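Structure record follows, encoded as structure tokens.
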Amino acid sequence: MTSAIKVFIIDHDESMLHAFARSMKAAGFRPVCVRTVEELLVQKLPVNNAVIVADVSTVRQFSESLPMELHRHERTLPVIYLTDYDTESIRDDARRVGAVAYFRKPVDQQALLDAITFSVQRRKVG
């Protein structure tokens, strides 16, 4: 049996962190909640079987550089962006930096869970 997918959730909103954590646990994932990119980078990030779910407004100064920061720290994981303020510019930025998925809040929970599973499985195959 494979181990549960570890989901690193970055959001400055405590209630959103708890809501996403409950949803991830209910789906059988292992959530790790952090409020900033800096908190994420001090975590021991696994090489695989993990994904980052990041709120765009929380990581605003890092949204474009988050994948580069992870790579610089030799911690490359798939990143899924969430936003409560959707614009074409933000969508374009997410695509440009290689986000594996992009969701507008409120998030369709099943679609998010599917994107998490898909991004981890795709990484194992690729």
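The values are calculated or read from the model by the stated rules, or taken from the named source; none is laboratory data. Note that the structure is a prediction, hence the values are computed from the model and not measured. Cβ coordinates were reconstructed from backbone atoms using ideal geometry, including for glycine residues, and neighbour counts include every protein chain displayed.
A few remarks follow.
- Residues of segment 30-63 satisfying the condition of being closer than 10 Å to Ile10 by Cβ, at pLDDT 90 or above and in a loop (DSSP other than H, G, I, E, B): Arg35
- Residue identified as closer than 22 Å to Asp108 by Cβ, in contact (Cβ under 8 Å) with a residue 60 or more places away in the chain and not aromatic (Phe, Trp, Tyr) among Val79, Val7, Val59: Val7
- Test: residue in segment 19-27 that is hydroxyl-bearing (Ser, Thr, Tyr) and part of a loop (DSSP other than H, G, I, E, B): no
- Every condition in (1) over 23 Å from Lys124 (Cβ atoms); (2) modelled with pLDDT under 90; (3) of a type outside the set (Phe, Trp, Tyr) holds for Thr83 except the one numbered (2).
- Among the candidates Asp84, Asp114, Asp92, the residue that is closer than 22 Å to Ala4 by Cα, acidic (Asp, Glu) and surrounded by fewer than 19 Cβ atoms within 10 Å (Cβ to Cβ) is uniquely Asp114.
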